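The values are calculated or read from the model by the stated rules, or taken from the named source; none is laboratory data. Nothing here was measured: the structure is a model prediction, and the numbers come from that model. Cβ atoms come from the backbone with ideal geometry, glycine included; neighbour counts cover every protein chain shown.
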Amino acid sequence: MSQDPKQSIQESATPSTDTRDARMGAGVDDRFNSKLREAFGASPFILTKFDEFMNWVRGNSMFMLQFGIACCSIEMIHTYAIKHDLDRFGAGVPRASPRQADVMIVPGTIVSKFGPRMKRVYDQMPEPKFVVGMGSCTISGGPFQEGYNVVKGAEEIIPVDIHVPGCPPRPEALVYGVLKLQERIRHGESSPVVVKPYELERFGDLEKDELVQKLASEIDEDDLVMRYNWADSP
Amino acid sequence: MSTGLEKEAETSVDEIAELIGERAIARDDHLNAPGFVINPADVQDVLFDLRDVAGYDHCSCVTAQQYADRYETIYHLTKYGNRTDEVSIVVPTTLEEPVSQSGEPVYRTADWHEREAYDLIGIEYEDHPDLRRILLPETWQGHPLAGDYDQTKPQLVTLAEHANPLQADHHDTESETMFLNIGPHHPATHGVLHVKTVLDGETVVDVDPDIGYLHRCEEQMCQQGTYRHQIMPYPDRWDYVSSGLLNEWAYARAIEDMADIEVPEYAQIIRTFSAELCRIASHMLALGTFALDVYGEFTATFQYTFRDREVVQDILEDLTGQRMMFNYFRVGGVAWDLPEPREEFFAKTRDFLDELPAKVEEYNDLITTNEIFQLRCVDTGILEPDVAKQYGCTGPVARGSGVDYDLRRDDPYGYYPNLEWDVVTEDGYDNYSRVLVRMQEVEESAKIIQQCLELLEEWPEDDREIQANVPRTLKPDTDAEIYRAVEAAKGELGIYMRSDGTDKPARFKIRSPCFSNLQALGEMTEGEYIPDLVASLGSLDIVLGEVDR
């Protein structure tokens, strides 16, 4: 072993933070050193685009639609309630009215009678709006896929941003799904556009096929209708 | 087990045969009850006699089905005072003219059951007050559980009835009443229930629950599954408020009686133990959401009940591996034994039981002794016992109306007959009584769990048989028919099955307690204020998955 002193030993290479430390004062806890604080450093302002700022805000303050359909809604309530507490992630304010909501969690099986109603509720939500499909039923119809009355996934009717698989997904899984949604929103990714085989149309505008002719006396021309083409659905 | 009431006298088969007399054209006995075949024109006549003379005051279920050569309607009758005294009335109709007399004038509960039969099978009922579709949209083409239904046909569903109820055209100008849609997306309807309400000022004049927004073809799914394994996952999804095991038991009991399988005693104790945990979880949710409905208590009560549900779900997860959809029962037993290390599992359960009395005390402080709560609940939503029986109400709804009826005692199954517990009834007939019944049932369930726990702890290690010997492919006898029920969290959950000799049921019919209970909503709310409608609906504790199936 050489007796010569090591040449490489020098003072620490990290930048001096004296100014920042002085600004923050003594006794301030480490946990206040958020990423934002690091980004600010000693300077009290940042530069960003307004869009990016808005996306960041949107992702961190989401009002969820209080929307219970089936089994998954019980796990959804558990996600809002004590222990899992979705509010920790800035997404725990369930709103009963779609007009006040940003995010719709679709928790359960969608059947033919409910399809048009769900579309209506979705249409009533203000832009920008996001959808989390919760559970296997909203992906494909889940265990009820072969049912004569079951819509094969929520995406047949409304665009879905995040799919959370499971029957039902655990609250942790839903929290993860919501976090993923927040990530997407922060990066400015909007809802995907999908081909929707089921659309609400005015009954009078429908092609006069056998079924329409048969129902002509029962349905008002101005009524909205949804047509289910079971043979074409996945 | 509590001794309970004296049972009503049993009516023997000969007495029934004599009562029906010439009107019986044949016998068609089911595994659970004698069956009498009668003409479609004699339905009311025979049912009136059976109700008024022989005392069959409970029309538990109405099953409809199609054979290759005929339609058939079966009325499953029994007595509130003696559940094991059952009789089936079978009404065949021809394929060309499927018209049968309605049983609705005799049993009010037949109203919805017959509408369902019309909707799904296509049998029409004469004298029925309001025969229209109940589960499927009104514009639906065809009857899906009938033989020749083509599932790939396109269908149209309208949205007209969902127009804004506050628009001027929904005012009835002549009588000054207002039509109001409640639901299907509404926080107080506990799911996707749509209540068409007519109001006169603040008073409810007419209520018409519109169901079917969660009709996900459970009966079709079960008819497509094999008895042995494929049906068992579905019951979890009927009443999905963590009462999965109670529902699984309904199927397990029906198939075990049908195929004559004896369940080992040790498995019965585990079943009883876990089913009662489910009942606690289910009643906790009922309590929390009810408090939310009547006095907007989203903070304390709601969160406390969910905290306790989490504890129960944790225990059940340790046992079954799932939080909600347990799929733990098997035909002839359970899937596996208690988790190892057993001591830890017992300690966890015991901790829960030890803490429960203090929690119940807390709920009483928060809810039942709360003045606001009492103002909302005492003497609202009155359901007289006679009316409850007419509508086929069961479970906490019937017991809150003073009807002493609990299948765990009246039609014993599982390990209940060997345990010490009581059937809870209350005589207030109102929303408050129903809440009290549920809260006391939580304590009774805890008693049952405690006893099961002691039995399980002391059970000899070499005798832990969890599964009977069941053939890999179950094929019950051709044309065996059975109707069996258990006491689920909401009431009597019955299953009718008919075998055609294959490994899948030819007909699988679910008698859901919520379906019958919800029918009574009109009786409870008409003439009352609209806030009481919300309270009454909450106190019925319906689960739409089970109402619509």
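Brief remarks on what is shown
- Just one of the numbered conditions (1) crowded, with 24+ Cβ neighbours inside 10 Å; (2) farther than 14 Å from A:S233 by Cβ; (3) within 13 Å of chain B (Cβ to nearest Cβ) is not true of A:D123: (1).
- Scanning the stretch A:207-234 for residues that are more than 7 Å from chain B (Cβ to nearest Cβ), within 27 Å of A:Q145 (Cβ to Cβ) and surrounded by 12 or more Cβ atoms within 10 Å (Cβ to Cβ) gives a single hit, A:S233.
- Looking across the stretch B:54-85, the residues that are assigned to a strand (DSSP E or B) and among the hydroxyl-bearing types (S, T, Y) come down to B:S60, B:T63, B:Y71, B:T73, B:Y75, B:T78.
- Yes/no for B:T109 being modelled with pLDDT under 85 and not assigned by TED's automatic domain parsing to the domain that holds B:N517: no
- Some residue of the stretch B:66-73 being surrounded by fewer than 22 Cβ atoms within 10 Å (Cβ to Cβ) and within 22 Å of the chain's Cα centre (by Cα): no
- Residues satisfying the stated conditions in the stretch A:111-142, i.e. under 23 Å from A:P169 (Cα atoms), among the hydrophobic types (A, V, I, L, M, F, W, C) and not in a helix (DSSP H, G or I): A:V111, A:F114, A:F130, A:V131, A:V132, A:M134
- Checking A:P169 against (1) within 14 Å of chain B (Cβ to nearest Cβ); (2) assigned to a helix (DSSP H, G or I), the condition it does not meet: (2)
- Subset tally (residues that are more than 9 Å from chain B (Cβ to nearest Cβ) and either over 17 Å from B:H186 (Cβ atoms) or not aliphatic (A, V, I, L, M) (or both)) for the stretch A:62-79: 3
- Unmet requirement for A:I157, which otherwise passes all of (1) facing chain B (nearest Cβ under 10 Å); (2) of a type in the set (A, V, I, L, M); (3) farther than 27 Å from B:R309 by Cβ: (1)
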